[in-house]
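The values are calculated or read from the model by the stated rules, or taken from the named source; none is laboratory data. Note that the structure is a prediction, hence the values are computed from the model and not measured. Neighbour counts are summed over all protein chains in view; Cβ atoms, including those assigned to glycine, are modelled from backbone coordinates with ideal geometry.
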Amino acid sequence: MQSFIDWLPELLPNEQYYIALLARKKYNLESSLTTDKNQMKRVTATKDRIIQKIRQMECQVGSYTTHTKDNDPILQDNLCIYITPNPRDLVKASLVLMKDIADRLISKDTNYNPQSMALNAIQITTSRKIYFDIDLDFSRGQDFRDYDINSFKNDLSALINIDCATLIRTNGGLHCLIELESIAKEYQKNWHRNISQMNCAFYTVTMNSDNIIPIPGCVQGKDFSPYFLDSPLQF
C-alpha cells in the first residue's frame with residue numbers, strides 16, 4: 001500500500017484524494033445485498049493521511065448493515081475500498097456545492113443533505129487528469145492466467161508506448177493507468193480510439209477515463225488484495 005501511495009501524484013494545496021468503502025454483491029453472491037454497489041463510507045485525504053483514513057474504516061462486523069428488513073451485517077467478503085488516482089479540486093468542488101445548494105433553495109427544496117452533496121461535488125471535480133483509467137475484465141474471471149495478461153500487454157504495446165502504462169492486478173481483472181503526459185508523440189492522436197477498439201477473446205476493455213480504482217495493499221472481496229502487476233512504468 002505504501003508503494004502505491006508513493007506512486008500517487010503529489011498534491012497541490014487545493015487538492016485531496018477521494019476514498020470510498022463499498023460493499024459489492026459480486027464478491028459474495030450469497031450475501032443479502034440487493035444491489036452490486038453499496039456505499040458504506042467515503043472521505044477525502046492528503047497522501048500522508050490515506051493509511052490513517054483507511055484504518056479508521058476498520059470496525060467490528062455488523063457496524064455496516066444491509067438495507068433489508070433484517071439489517072443483515074455487511075460481510076468482510078463483500079468489501080472493497082477505492083480511491084481516485086487523479087486528485088480532486090476542493091476549490092472547484094466548493095463552487096459546485098454553492099451552486100447546487102443555491103438551486104435547491106431557489107426551488108424551495110429542503111429535502112437534501114449538504115454533507116452528501118459536498119462529497120458528491122468533490123467526487124466529480126477533477127483537479128488534474130494525470131491518469132486515464134482502462135478497466136479490463138478477463139473472460140476466465142478470477143481464473144485468468146499469465147497468458148491472458150501477456151496477451152493484453154502485447155496488444156497494448158502495438159498501440160502506445162508501454163512505459164506510460166501502470167498495471168494494477170485486481171479481483172478478476174486489471175486496471176491499466178495511462179500517464180497522459182508520458183504518451184509518445186506518435187501515439188497522441190490515435191491511442192484512445194485504438195485502445196477502445198481492442199477486441200480479444202481473452203478480455204474486454206472499458207475506457208473509464210477518470211474513475212475510482214481499488215487500492216493496492218487493501219481489501220477487495222474475499223482473500224484478495226490488489227497489487228502492482230509489475231514495477232510501475234516497467235514491463
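Tell me which helices (runs of 4 or more DSSP H) are completely within the stretch 53-160 and hold 2 or more residues being basic (K, R), outside the structural domain of V43 (by TED's automatic domain parsing) and without any contact (Cβ under 8 Å) to a residue 40 or more places away in the chain, or say none if there are none.
Working: elements: 90-106, 114-124, 146-157.
Output list reads 90-106.
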Q) If you check T66 against the conditions, is it under 19 Å from the mean Cα position of the chain (by Cα) and β-branched (V, I, T)? A) no
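Among the listed residues I215, I178, I168, I195, identify the single one that is free of Cβ contacts under 8 Å to residues at least 60 places away in the same chain and surrounded by 14 or more Cβ atoms within 10 Å (Cβ to Cβ).
Details: I215 fails: free of Cβ contacts under 8 Å to residues at least 60 places away in the same chain; I168 fails: free of Cβ contacts under 8 Å to residues at least 60 places away in the same chain; I195 fails: free of Cβ contacts under 8 Å to residues at least 60 places away in the same chain.
Going through I215, I178, I168, I195 in turn, just one is free of Cβ contacts under 8 Å to residues at least 60 places away in the same chain and surrounded by 14 or more Cβ atoms within 10 Å (Cβ to Cβ): I178.
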**Q.** For I183: the one exception among (1) modelled with pLDDT of 95 or more; (2) under 22 Å from I5 (Cα atoms)
**A.** (2)
Q: Please enumerate the residues belonging to the stretch 32-41 that are surrounded by fewer than 19 Cβ atoms within 10 Å (Cβ to Cβ) and either part of a loop (DSSP other than H, G, I, E, B) or basic (K, R) (or both).
A: S32, T34, T35, D36, K37, K41
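Matching residues to (1) under 13 Å from the mean Cα position of the chain (by Cα); (2) in a helix (DSSP H, G or I):
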residue: H175; (1), (2): yes, no
residue: E186; (1), (2): no, yes
residue: K189; (1), (2): no, no
residue: C200; (1), (2): no, no
residue: N208; (1), (2): yes, no
residue: K222; (1), (2): no, no
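Would you confirm whether any residue within the stretch 44-52 is over 18 Å from Q115 (Cβ atoms), part of a loop (DSSP other than H, G, I, E, B), charged (D, E, K, R) and touching a residue at least 12 places away in the same chain (Cβ under 8 Å)? Talk me through it step by step, then tell me what you get.
Looking only at the stretch 44-52, we keep the residues that are over 18 Å from Q115 (Cβ atoms), and these are 46-52.
When the remaining residues are screened for being part of a loop (DSSP other than H, G, I, E, B), the result is 46.
Going one step further and asking which of them are charged (D, E, K, R), we end up with none.
Checked against the condition, which is being over 18 Å from Q115 (Cβ atoms), part of a loop (DSSP other than H, G, I, E, B), charged (D, E, K, R) and touching a residue at least 12 places away in the same chain (Cβ under 8 Å), the stretch 44-52 yields no hits at all.
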Q) Does the stretch 141-164 contain any residue that is modelled with pLDDT under 95, within 17 Å of the chain's Cα centre (by Cα) and not small (G, A, S)? A) no
Q. If the Cβ limit is 6 Å and pairs must be 6+ apart or interchain, which residue in the stretch 29-42 that is among the polar types (S, T, N, Q) pairs with which residue that is assigned to a loop (DSSP other than H, G, I, E, B)?
A. S31/L75; S32/T66; S32/T68; S32/D72
